[in-house]
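Only the coordinates and a few stated rules stand behind these numbers; no lab work does. As the structure is a prediction and not an experimental result, all values here were calculated from the model. Don't worry about glycine lacking a Cβ; one is built from the backbone with ideal geometry, like all the others, and counts go over all protein chains shown.
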Amino acid sequence: MNIELPFDFLNFSEFGILNLAAYVVGIFILAYIILRIVRAILNKEINKSSDEIRVDPTKYKFLSNALGFIFYTAALIILFISIPEFRTVGVTLFASAGIIAAIIGFASQAAFSNIVSGIFIVIFKPFRVGDIVKISNLYSGIVEDITLRHTVIRDFENKRLIIPNSVISAETIHNFNIVEEKVNNHIFFGISYDSDVDLATKIIQEEAMAHPNFVDYRSEEELADGTPAVIVRLLEFGESSLNLRANVWTDDPIKGFELKCDINKSIKQRFDREGIEIPFPYRTIVYKEAKKKES
């Protein structure tokens, strides 16, 4: 069955090179305009969605980034179909598609790997846009964008980490938001063997509970049993210190970081006022030359 294309009159001899060039540019401009409109509509829908229904923006971000590739590829296909001279070039290219596919496949293994990994990230959601993550104990920050090739993470110094999707998929990911945001912060303190453990425990509990970021997440059973809001445990006997750990709840990791920094300072000040010593290592230096002269 022969299909009559409505654009068969577009050829170099009859239509003119300048008009063909204008046609090609017009196709890409039209693709760009449609892309901008679709992206604007998509972004409007995302922003309009309320926090109450907790719309996950990850898939929309990924789709928005993929739209450019889709629309420009469609524009290129339209050009090949509508211009006979281009169709001839296309047939020639397809005739040698095996060789070209082998070359492109070899040269683009990393690119295809990143695209496939990006699709898996969107499908299985080990992290989402807006999540606070730590990648293999090396990088941490807030996921800002997921593209076809890479994931953008904004660290806490406001720098952007651009990590290929294939790399980030192979790493261990600590996600602080995937189920719930509240965090049980483990804060460590060391006191000397001569210090009063009960007094140190009381000081830590009071300072932690006085912080505005502290949240009491005790259950009704724990409240009835008299479980402390801040549990302080003696973990171990160190070489020069008794090592304590406080469990302090906050709503999210960022507030937890602020709480840790603040109560480290306030607890140090309370320890100084109430005679709780924070030990530090002592070093004995032996001067061999001086020892020889003495002998």
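Under 5 Å from the amide H of residue 235 lie the amide H atoms of 243, 244, 245, each residue being 5 or more positions distant or on a separate chain, with H modelled from the backbone and absent for Pro and chain starts.
Placing unit charges on the Cβ atoms of the charged side chains and taking the dipole of region 138-228 about its Cα centre, the candidate lying farthest along the positive direction among 195, 152, 173 is 152. The number of Lys pairs in region 193-295 with C-alpha atoms less than 25 Å apart, excluding pairs fewer than 8 positions apart on the same chain, is 7. Peptide packing: for 274-285, 241-252, the average count of neighbouring Cβ atoms within 10 Å per residue gives the ranking 241-252, 274-285, highest mean first. In plain terms, the bigger the Kirkwood radius, the slower the diffusion; for region 124-175, with that radius from Cα pairs, at 37 °C and 0.692 mPa s, Stokes-Einstein puts D at 307 µm²/s. In a simple Cβ point-charge model (Lys, Arg +1; Asp, Glu -1; nothing else charged), region 183-274 has a dipole of about 320 debye relative to its Cα centre. Packing around the peptides 232-240, 115-123, taken as the average count of other Cβ atoms within 10 Å per residue, puts them in this order, highest first: 115-123, 232-240.
Placing pseudo-labels 7 Å out from each Cα toward the beta carbon at residue 22 and residue 217 gives an inter-label distance of 6.6 nm. Modelled spin labels at residue 72 and residue 170, positioned 7 Å past Cα toward Cβ, are 2.7 nm from each other. Taken along its three principal axes, the alpha carbon spread of region 202-278 comes to 38, 27, 21 Å, from the longest extent down to the shortest.
The simple spin-label model puts a point 7 Å past each Cα toward its Cβ; for residue 287 and residue 235 those points are separated by 4.0 nm.
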